[in-house]
1. Taking the Cα centre of the stretch 129-173 as origin, work out the dipole magnitude from +1 charges on Lys and Arg Cβ and -1 charges on Asp and Glu Cβ, in debye rounded to 20.
2. Mind jotting down the three principal axis lengths of the stretch 97-202 based on Cα atoms? Whole angstrom, largest first.
3. Determine the per residue accessible area of the stretch 109-233 with all protein chains present and a 1.4 angstrom probe, expressed in square angstrom.
4. Give, as a single signed number, the net charge of other residues whose beta carbon lies under 14 Å from the beta carbon of VAL221, with Lys and Arg counted +1 and Asp and Glu -1.
5. Enumerate the lysines that LYS226 could reach by cross-link, defined here as Cα to Cα under 21 Å, with residues fewer than 8 away along the same chain left out.
6. Would you indicate which of [x] 16.9; [y] 17.7; [z] 11.8 is the value of mean projected area of the Cα convex hull in nm² derived from the coordinates of this structure?
7. Order LYS231, LYS209, LYS141, LYS59, most accessible first, counting only protein heavy atoms with a 1.4 angstrom probe.
Amino acid sequence: MKRAVVVFSGGQDSTTCLIQALQNYDEVHCVTFDYGQRHRFEIEVAQKLSVSLGANAHKVLDVTLLNELAISSLTRDNIPVPDFTESESSSLPSTFVPGRNILFLTLAAIYAYQVQAEAVITGVCETDFSGYPDCRDEFVKALNHAVDLGLAKNIRFETPLMWLNKAQTWALADSYGHLETIRKQTLTCYNGIQGDGCGECAACHLRSKGLHEYLDDKEAVMLSLKQQQQKTN
């Protein structure tokens, strides 16, 4: 039986990964992390989506220790979330949570070890991202190698969105018949607003820009998605 663990926040990217994983694996486990994030409504959204989409299991892990260590506008209420223009002008925006993906992927791998899953799936992306160093392909591959050594087991880190832009990610969701699920039920917004979000933060800006690009020319974006998938497979 093929099993996978999805690092699942209930946002656009991780929900698209879950939808795809449910087609590719016999058993899919979701892991959501409570790190004291300001947009922690995403945890409730993730719980509901994991049930409605048909995941086999969903675990919420308390990692609020990260909140004590990692200073970010997503972990401190007294640091305002920048709008997308501020984020674009900064090499490393205040929304970066130091160590977040190091911790999340490591814990997800431990969980995968216990449930005998062969893969950990994460929605990180190097094409359309906010400059976060822990979303890079180089980082994921390096951590994957370290985890394999530390667990003495090959657990594959999969990043199906790594080389897709946001328009192509929308196209991927639509190819599985879940465009409206992503649009209405996910929470990507740093300010914790479900669906289209606040419209001001960097996450909302990337999401909206990608959606409009996809809707403006679905055929071209879908073709570019297929070409990119052929290139990376």
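1. Values: 5 positive and 5 negative charges, 16 e Å.
The dipole magnitude comes to about 80 debye.
2. That gives 43, 30, 23 Å along the principal axes, largest extent first.
3. With all protein chains present, the stretch 109-233 gives 49 Å² per residue.
4. My count for the surroundings of VAL221 gives -2.
5. Filter leaves LYS166, LYS209, LYS218.
6. [z]
7. Listed by decreasing accessible area, they come as LYS231, LYS141, LYS209, LYS59.
The values are calculated or read from the model by the stated rules, or taken from the named source; none is laboratory data. Remember, it's a predicted structure, so these values are computed and weren't measured experimentally. Here Cβ is always computed from backbone atoms with ideal geometry, including for glycine, and neighbour counts include all displayed protein chains. Just so you know, the surface numbers come from the protein's heavy atoms only, side chains and all, with ligands and any DNA or RNA stripped out. Shrake-Rupley method; radii C 1.70, N 1.55, O 1.52, S 1.80 Å.
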